[in-house]
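Right, one structure below, let's go through it.
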Amino acid sequence: MIYKIKDTIASSFFILLVLFILSAIVLYPIWTMLFLGAVFAYGIRPLANRLDNYIPYRSVTIGLVIIIILLPLIGVIAIGIDTLFHSAPALLYTAQKINVSSLNNALKSYIPAEFLPSTDLLLNFLKDFINNLLRMLINYFVDLIGSVPMIALQLFILFASAFYFARDGDKIISYLYSFLPDNRRDFMGRLTRETEKVIKSIFYGHFLTALIIGLMAILGFQVLGYSYAIFLGLLAGFFQLIPVIGPWPTYTVLAIYDFVSGNILRGVIVLVFGAFLSGIDVYLRPKLSGKYADIHPLLFLVGFLGGPLIWGLAGFIIGPLILGVAYAALNAYREERE
């Protein structure tokens, strides 16, 4: 019995298992940043490959691409945070001052009489929703300021891992493939191809669509003369990420605010503009994502809503990607059986 225990402890499998467990413990606090770094590296590799034709040094190419992407990203984040700090208290004050009775009276001429009894309930719910949403955003960013050192460390891990994944990604994949049995390499090849399709579908069909609609919303709100147009546009882009919701809460609230303020014309225009944004989503999302993989919106919705409950802000990306990779694995397994 003692000899069996010694043989087990001295076996290569046991040693590797212990080392893997210890490695997992070390990587657990930062694994989300490593995961996002790998995703970010996958996204910048095509641009880096094009620049390789002009710059012979791979490390310089990867670093240059990261800087090109990082600087605008930092600018957008800085503008968004600054706008939020200046706009959220004013928007919260405005939302608290909304007179539901006045709004109800203003809408009487537009709403059929049989719907009037439930109008107060709906408007009170909408007012509470706006107040709670703005308070949540303010509290979140206040807490965010207190954790700046940890965020800086996580960002460093994110971009450092992205650099090495982008530079040495082929070597890492080849190294991992070397451990696969020959009869499983075809399956892993199909899984890799399906995963690439799913990742492109998620990013091009959802995140890129949200970015485009968010930028269009910023421009439209700016032209219409709304204060804090950047914040409102970013909010519309964020809502656009949620398939069931889309950007309509933002422009609907703005339209109600205009109706209450007596600016009926701008309220009608923003509703038309909002319908235009929602119409673009109906066309643009399938157009971009359909080239790669046809992912059901429910799959993305569950990942988008469930991911943040476990991984925080990073879960908005990790959740859909994990479910998307699981979907890709099922497709690869189905192809193997056929």
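The numbers here are math on the coordinates, done by the rules we state, and not lab data. Keep in mind that what you see is a predicted model, and the values were worked out from it rather than measured. Cβ placement follows ideal geometry from the backbone for every residue including glycine, while neighbour counts extend to all protein chains displayed.
Kindly put Trp31, Trp311 in sequence by how many other C-beta atoms sit within 10 Å of each C-beta, fewest to most.
Trp31, Trp311
Using a 7 Å offset from the Cα along the Cα-to-Cβ direction at both Ser23 and Leu155, what is the distance between the two label points in nm, to one decimal?
Between Ser23 and Leu155, the simple spin-label model gives 3.0 nm.
Within a 10 angstrom radius of the beta carbon, how do Asp170, Asp281, Asp52, Asp182 rank from fewest other beta carbons to most?
Working: Asp170 9, Asp281 18, Asp52 14, Asp182 6.
Ordered by Cβ neighbours within 10 Å, fewest first: Asp182, Asp170, Asp52, Asp281.
What number, in percent, do you get for the relative contact order of the stretch 185-338 if the mean sequence gap of Cα pairs under 8 Å and at least 6 apart is divided by its residue count?
The value is 30 percent.
Please list the equivalent ellipsoid semi-axes of the stretch 185-338, computed as the square roots of five times the alpha-carbon gyration tensor eigenvalues, in descending order and whole angstrom.
Gyration-tensor ellipsoid for the stretch 185-338: 37, 14, 11 Å.
Below 15 angstrom from the Cβ of Phe239, what's the summed charge of the other residues (Lys, Arg +1; Asp, Glu -1)?
Combined, the nearby Lys, Arg, Asp and Glu give 0.
Answer with one residue from Ile242, Ala229, Ile199: the one whose Cα lies farthest towards the positive end of the charge dipole of the stretch 185-338, charges on Cβ with Lys, Arg +1 and Asp, Glu -1.
Ile199
Using modelled backbone amide H atoms (1.01 Å from N, in-plane), which distant-in-sequence or interchain residues come within less than 5 Å of Tyr226's amide H?
Answer set, sorted by chain and number: none.
In which sequence would Ile202, Ile218 go, from the one with the fewest C-beta neighbours within 10 Å to the one with the most?
Ordered from fewest to most neighbouring Cβ atoms within 10 Å, Ile202, Ile218 come out as Ile218, Ile202.
Taking the Cα-to-Cβ direction at Leu265 and at Ser59 and moving 7 Å from each Cα, how far apart do the two end points lie in nm?
It is 6.2 nm.
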